[in-house]
1. Report every pair of residues separated by at least 6 positions or lying on different chains whose Cβ atoms are under 9 Å apart, first residue within segment 17-29 and on the phi < 0 side of the Ramachandran plot and at pLDDT 85 or above, second assigned to a helix (DSSP H, G or I) and not aliphatic (A, V, I, L, M).
2. Given V127, V92, V77, V101, which one is modelled with pLDDT of 90 or more and of a type in the set (V, I, T)?
3. For P8, state whether it is in contact with an Asp or Glu (Cβ under 9 Å, 6 or more places away or on another chain) and either aliphatic (A, V, I, L, M) or modelled with pLDDT under 90 (or both).
4. What is the one condition in (1) surrounded by 10 or more Cβ atoms within 10 Å (Cβ to Cβ); (2) modelled with pLDDT under 85; (3) assigned to a helix (DSSP H, G or I) that R82 does not satisfy?
5. Those residues that are assigned to a helix (DSSP H, G or I) and of a type in the set (V, I, T), I need them from segment 1-41; list them, please.
6. Exactly one of these conditions fails for T46: (1) assigned to a helix (DSSP H, G or I); (2) surrounded by fewer than 10 Cβ atoms within 10 Å (Cβ to Cβ); (3) modelled with pLDDT under 85. Give me its number.
Amino acid sequence: MDILGVGPLELLFLILIALVVIGPRDIGKAARSIGRFLNQLYRSETWRMLTETSRKLRNLPNQLAQEAALEASLDEVRQTVREVGQEIAQDVSTLDEDLQVWKKPPPNSELSPGESQPPIEKPSDTVANQE
């Protein structure tokens, strides 16, 4: 079991070194002052900024991967829009050509006033006439 990345044997070793360096009488004072210092550190704006930056740096690779995936899907959508736009442009030009053909006068338009158009033969009439 690790507490703050320090195992039980390491913690025992640190306590032993603290007893030797500080002495058994002053260890309580030292522990209180270390506790106050850590409390002030954890409540400070600098600590919040440090932890926020650390969290952002840990999440940065995932965020970049998500943005790259979004960019790839956005490129696919752009390509699809271009293709559909080209198809629409082709359809519009085809319709424009058909409209121009319909606007042209028929080849027998040189009839004098009062003459009527010759009757248009239906496919069924031509079949009946051929028999």
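1. Pairs that qualify, where the first residue is on the phi < 0 side of the Ramachandran plot and at pLDDT 85 or above and the partner is assigned to a helix (DSSP H, G or I) and not aliphatic (A, V, I, L, M), are I22/K29.
2. Sole residue among the options that is modelled with pLDDT of 90 or more and of a type in the set (V, I, T): V92.
3. So P8 fits the description; yes.
4. Condition not satisfied by R82: (2).
5. I15, I17, V20, V21, I22, I27, I34
6. Of the numbered conditions (1) assigned to a helix (DSSP H, G or I); (2) surrounded by fewer than 10 Cβ atoms within 10 Å (Cβ to Cβ); (3) modelled with pLDDT under 85, the odd one out for T46 is (3).
The values are calculated or read from the model by the stated rules, or taken from the named source; none is laboratory data. The structure displayed is predicted, hence computed values, not measured ones. Note that we place each Cβ from the backbone using ideal geometry, even for glycine, and neighbour counts take in every protein chain shown.
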